[in-house]
Amino acid sequence: MNSPVDDLLPATRRALLHRIAVAQSDGRAPSFVAAVQREGQLVWSGSRTSVDGHGPDADTQYRIGSITKTFTAVLVLRLRDENLLDLNDALEEHLPGTGVGDVTIAQLLGHSAGLSAETPAPWWERTPGSLRPELADVLGDQPRMHPVGRRHHYSNPGYTLLGSLIEAVRGEPWEDVLRREILEPLGMSRTSAQPQAPHAGGWAVHPWADVMLPEPCEDLGLMAPAGQLWSTTADLCRFAGFLADGDERVLGQASVREMRTPSVPPESGDWDSVYGLGMQIVRRDGRTLVGHGGSLPGFVAGLWVSVEDGVAAVALANATSGPLTASVAADLVRIVAEAEPRFPEPWRPLPEVEPALLELTGPWYWGTYSFALRLVVDNGVVLEPLGGTGRGSRFVAEPDGTWTGLDGYYAGETLHVVRREDGSVSHLDLGSFVFTREPYERGAAVPGGVDEEGWRGLKA
């Protein structure tokens with residue numbers, strides 16, 4: 001069992017509050033609210049405001065912009081898991097008549113469909129959705145910017161198409177599907193398509209003077225699946241916990257892990273940031289963070305999860321520009337993870353294991369590369385390189401006695417034991433690679449054979 005997680009140390013709490021105080025002041029935000037979740041529990045929330053006595057709390061709604069896209073992606077993955085579609089299906093198979101129906105659902109989810117970043121003018125975020133009543137109004141006359149599937153190009157209209165896809169398959173509005181399939185099961189009662197009191201108002205702050213202007217709050221219509229939602233730090237922390245661990249009522253852990261896996265190569269020179277399926281993936285301070293940022297006129301938002309550390313953070317502000325909420329949320333994760341690192345689970349012995357499995361453990365050699373094989377829970381195995389070079393992976397046991405790679409170079413590849421006629425182990429076969437007990441073991445099935453004279457030194 002991990003250490004208690006129901007509270008943070010006073011020094012940690014002060015560091016968190018100081019970080020958002022600096023963000024609110026330097027970013028000149030009318031208000032700024034943030035929260036941190038650790039091991040599935042809300043352990044800290046704080047806020048700063050320009051109005052004394054009217055500070056927001058973890059129950060105050062802010063608009064979250066493109067964090068909405070992650071919700072939309074979850075709904076699409078649910079359709080896939082129900083066998084109602086395949087991610088490699090062309091959009092046309094389920095949503096005909098768009099004019100871009102040859103792109104796949106996976107390409108839309110990962111922003112590699114080559115579609116434009118924005119709708120035709122006027123700017124969709126600051127005008128009513130009624131100006132774009134049809135998908136043709138969202139896509140415009142030239143919706144394609146790049147070859148399909150070749151590069152990551154962020155597309156807001158792409159997520160409008162995914163929202164319309166959900167409606168076409170489910171036969172009901174995106175908002176209703178969202179509420180029934182995600183918000184209600186996760187207990188996110190303070191997340192909605194329209195603002196519900198208490199909520200913050202959206203403001204623009206003059207770039208060269210400390211004065212403000214209210215921003216319009218528009219219903220985005222067809223663009224809602226790309227950025228409509230309002231939420232709170234408490235609700236978004238619940239959602240962050242789901243993005244880390246999954247929830248069978250919504251989406252299983254394997255599918256959530258798939259969302260967190262890069263879907264296309266990053267932009268040239270941008271190696272610390274990639275995109276999965278509806279989720280951003282970044283490297284910050286030596287750790288991997290998954291989540292999403294968001295903005296709409298009057299609001300900025302950030303949500304990041306460090307799955308390895310068991311820490312998530314959310315930061316929300318009601319200003320069009322200035323507060324770097326995504327950076328702040330990443331900093332909040334770092335503060336907690338570094339000040340109060342996660343306790344490892346206590347070591348426990350495995351349940352009884354079969355002798356035939358136990359004899360497979362220990363050193364193996366692929367050519368002259370050395371590896372170690374060890375057993376883990378549920379008869380899984382881990383193949384680890386020794387000496388710092390080589391490809392390692394985790395493997396899950398299959399009913400037929402083989403193992404399937406979970407990560408790294410061998411993800412999806414099959415590992416199986418090859419036995420001699422007398423039942424003894426000859427070697428391991430991993431995607432055609434032969435692993436033997438000795439390097440280039442004589443008599444083993446090493447491709448190309450082994451020189452009969454064996455190992456030798458240099459003759460004078």
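Derivation of every value follows stated rules applied to the coordinates shown; laboratory data play no part. Note that this is a predicted model, so its numbers are computed, not measured. Counting neighbours? That spans all protein chains shown, and the Cβs are built from the backbone with ideal geometry, glycine included.
Packing-wise, with mean Cβ within 10 Å as the measure, how do 434-447, 231-244 rank, highest first?
231-244, 434-447
Using C-alpha positions alone, give me the convex hull volume of the range 208-365 per residue in cubic angstrom.
With only Cα atoms used, the range 208-365 gives 221 Å³ per residue.
Once a ≥ b ≥ c are taken as the square roots of the eigenvalues of the Cα gyration tensor of the range 352-460, is the result rounded (a/c under 1.5), prolate (a/b larger than b/c) or oblate (a/b not larger than b/c)?
prolate
What number do you get for the chain when its Cα radius of gyration is normalised by 2.2 N^0.38 Å, N = residues?
Against the compact-globule rule of thumb, the ratio is 1.15.
Along the charge dipole of the chain, which of Trp304, Thr191, Thr414 sits closest to the positive end, that is, farthest toward it, with unit charges on the beta carbon of Lys, Arg, Asp and Glu (+1, +1, -1, -1)?
The listed residue farthest towards the positive side: Trp304.
Using +1 on the beta carbon of Lys and Arg, -1 on that of Asp and Glu, and nothing else charged, what's the dipole of the range 10-339 about the Cα centre, debye to 20?
860 debye
Cβ neighbours within 10 Å, averaged per peptide: list 203-211, 272-280, 119-127 in order, most packed at the top.
272-280, 119-127, 203-211
For the range 273-357, what is the Kirkwood estimate of the hydrodynamic radius, computed as the reciprocal of the mean inverse distance between distinct Cα atoms, to one decimal in Å?
14.8 Å
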